[in-house]
Amino acid sequence: MPTYQVETPQRCYAAIVERGVIGQTARYIPPKTGKVFVVTTEDVWFHAGARLAAGLAGVSYDVLHLPGGEEQKRLAHVEQLAEEMLHLGADRSSMVIAYGGGIVNDMGGFLAAIFMRGIPVLQIPTTLLAQVDAAIGGKTAVNLVSGKNLIGSFHQPIAVLTDPAILDTLPEREYRAGLYEIIKAGIIREPGLFAYLNESIADVLARKPAAVDHIIAESVRMKAEVVSSDEREGDMRRILNFGHTFGHALEAETGYTRFLHGEAVAWGMRAAVYLAESTGHLSAEDSVEMLETIAAYGPIPPLTGIPAQNLFARLVHDKKTLQGKVHFVLPVRIGEVTVVAGIEDQRVLDAIRFALR
Ligand code: GLY
């Protein structure tokens with residue numbers, strides 16, 4: 001199974017996609033590492049802790065728990081874990097293993113980024129969404145009430161261990177939420193992956209190993225290439241935000257409780273596709289194909305009772321909003337996107353209304 005190199009000014013590391021790799025975790029702990037802290041949730045540890053414990057046979061480690069749920073992705077919990085680490089004897093030679101979904105990868109990474117000004121983190125994602133997106137790329141963060149991921153840091157991991165076998169027991173809703181990030185990968189840069197997702201819907205939804213391994217590997221390759229070309233999101237990396245500007249507004253407006261991140265991204269992609277077509281960036285034919293593909297892997301939970309105007313107002317709080325201008329990543333064809341600012345408010349509102357239907 002493949003290994004992809006992520007090469008950034010901060011660090012070069014391997015993103016490994018291999019069934020059973022969690023069982024090899026001890027190999028990825030650097031020599032002379034001090035105390036090892038596994039950051040996870042009670043739920044992940046209950047269901048999948050034995051797998052990592054086997055991979056850490058012979059290694060001494062402590063397990064620290066974060067609460068689950070996007071609404072709990074807050075600074076106070078990171079501070080609490082840092083206190084626990086100190087009580088357990090952590091120092092600058094310690095390391096974190098972030099073992100869980102995107103929230104654990106983001107928060108565990110952020111804890112490692114700021115603990116004594118930075119200790120290593122090994123990312124081991126246990127959800128599809130985290131495997132294809134959150135665990136790779138070094139962005140770590142927590143949410144503010146006002147918006148998603150507004151406090152954070154770039155802290156590249158020492159490696160990312162992606163084990164597709166761990167997805168066998170992932171709840172269906174979580175699995176689909178991850179598939180939306182893979183659709184995103186197809187639309188922004190990988191027409192072959194997009195075509196595969198359309199041709200192989202039954203295999204992908206049935207989690208046939210060959211299909212799952214293929215779509216994960218292609219997504220990880222894409223993300224590794226994009227992050228390697230632009231670690232700090234000055235240029236190319238912005239394409240990864242397709243669907244996220246709208247999606248983050250939906251998550252914040254609904255208190256981070258109604259939609260999984262991937263579901264919010266699916267909704268945001270619908271809005272962005274509509275906006276791209278209505279502003280003349282995208283053909284009607286490609287727009288229909290994108291919307292149909294998103295729908296084929298749905299549905300997302302009901303969107304009732306969410307005021308379009310509130311979502312519109314939240315767009316200006318997104319990190320990607322610069323000097324009051326919202327920047328939208330819009331598709332121009334399958335496999336290519338562009339970044340556009342200065343779109344009329346009415347068109348943006350129309351796109352939000354379309355996606356809420
Ligand atoms: N940690 C996710 C990213 O860097 O994109």
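Specify the residue that is farthest from LEU170 (Cα to Cα); the eligible residues are those in segment 36-83 that are of a type in the set (Ser, Thr, Tyr) and surrounded by 16 or more Cβ atoms within 10 Å (Cβ to Cβ). Explain how you work it out, then say what you get.
First, the residues of segment 36-83 that are of a type in the set (Ser, Thr, Tyr): 40-41, 60-61.
Those still in the list that are surrounded by 16 or more Cβ atoms within 10 Å (Cβ to Cβ) too: 40-41, 61.
Values: THR40: 16, THR41: 15, TYR61: 25 Å.
Within segment 36-83, the match that is farthest from LEU170 (Cα to Cα) is TYR61.
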request  = Select from segment 206-244 the residues that are part of a helix (DSSP H, G or I) and either on the phi > 0 side of the Ramachandran plot or of a type in the set (Asp, Glu) (or both) and list them in ascending order.
outcome  = ASP213, GLU218, GLU225
inquiry  = So, in segment 102-139, how many residues would count as being closer than 17 Å to VAL44 by Cβ and in a strand (DSSP E or B)?
reply    = 5
inquiry  = Return the pair list, or none, for Cβ contacts closer than 9 Å from residues in segment 225-236 that are within 17 Å of PRO157 (Cα to Cα) to residues that are of a type in the set (S, T, N, Q) and away from the ligand (no atom under 12 Å from the Cβ), at least 6 apart or on different chains.
reply    = SER228/GLN5
ask   = Taking segment 252-289, which residues are buried (at least 21 other Cβ atoms within 10 Å of the Cβ) and among the β-branched types (Val, Ile, Thr)?
value = VAL265, VAL273
message = Please go through (1) over 23 Å from GLN72 (Cβ atoms); (2) at pLDDT 95 or above; (3) out of contact with any strand residue (DSSP E or B) (no Cβ under 7 Å at 6 or more places or on another chain) for GLY247 and return the number of the only condition it doesn't satisfy.
response = (1)
note = Within segment 205-251, restricting to residues that are away from the ligand (no atom under 14 Å from the Cβ), under 30 Å from LEU356 (Cβ atoms) and among the aliphatic types (A, V, I, L, M), the one that is surrounded by the fewest Cβ atoms within 10 Å (Cβ to Cβ) is LEU205
query = Inside segment 280-338, can you point out the residues that are under 16 Å from PHE194 (Cα atoms) and among the polar types (S, T, N, Q)?
reply = SER287, THR293
query = Restricting the search to segment 73-107, which residues are closer than 26 Å to ASP163 by Cβ and either more than 16 Å from the ligand (Cβ to nearest atom) or among the aromatic types (Phe, Trp, Tyr) (or both)?
reply = HIS77, LEU81, MET85, SER94, MET95, TYR99
query = Restricting attention to segment 309-325, which residues are crowded, with 17+ Cβ neighbours inside 10 Å and modelled with pLDDT of 90 or more?
reply = LEU311, PHE312, ARG314
ask   = Among the residues of segment 88-101, is any of a type in the set (D, E, K, R), surrounded by fewer than 16 Cβ atoms within 10 Å (Cβ to Cβ), at negative phi and in a loop (DSSP other than H, G, I, E, B)?
value = yes
query = Do any residues in segment 133-152 that are in contact (Cβ under 8 Å) with a residue 12 or more places away in the chain have Cβ atoms under 6 Å from those of residues that are in a loop (DSSP other than H, G, I, E, B) and more than 12 Å from the ligand (Cβ to nearest atom), where the two are at least six apart or on different chains, and which pairs are they?
reply = VAL142/LYS73; VAL142/ARG74; ASN143/LYS73
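Taking the stated definitions as given, is ILE239 out of contact with any Phe, Trp or Tyr (no Cβ under 9 Å at 6 or more places or on another chain) and of a type in the set (Val, Ile, Thr)?
Details: out of contact with any Phe, Trp or Tyr (no Cβ under 9 Å at 6 or more places or on another chain): yes; of a type in the set (Val, Ile, Thr): yes.
The answer is yes for ILE239.
The values are calculated or read from the model by the stated rules, or taken from the named source; none is laboratory data. Note that the structure is predicted; figures quoted are calculated from it, not measured. Here Cβ is always computed from backbone atoms with ideal geometry, including for glycine, and neighbour counts include all displayed protein chains.
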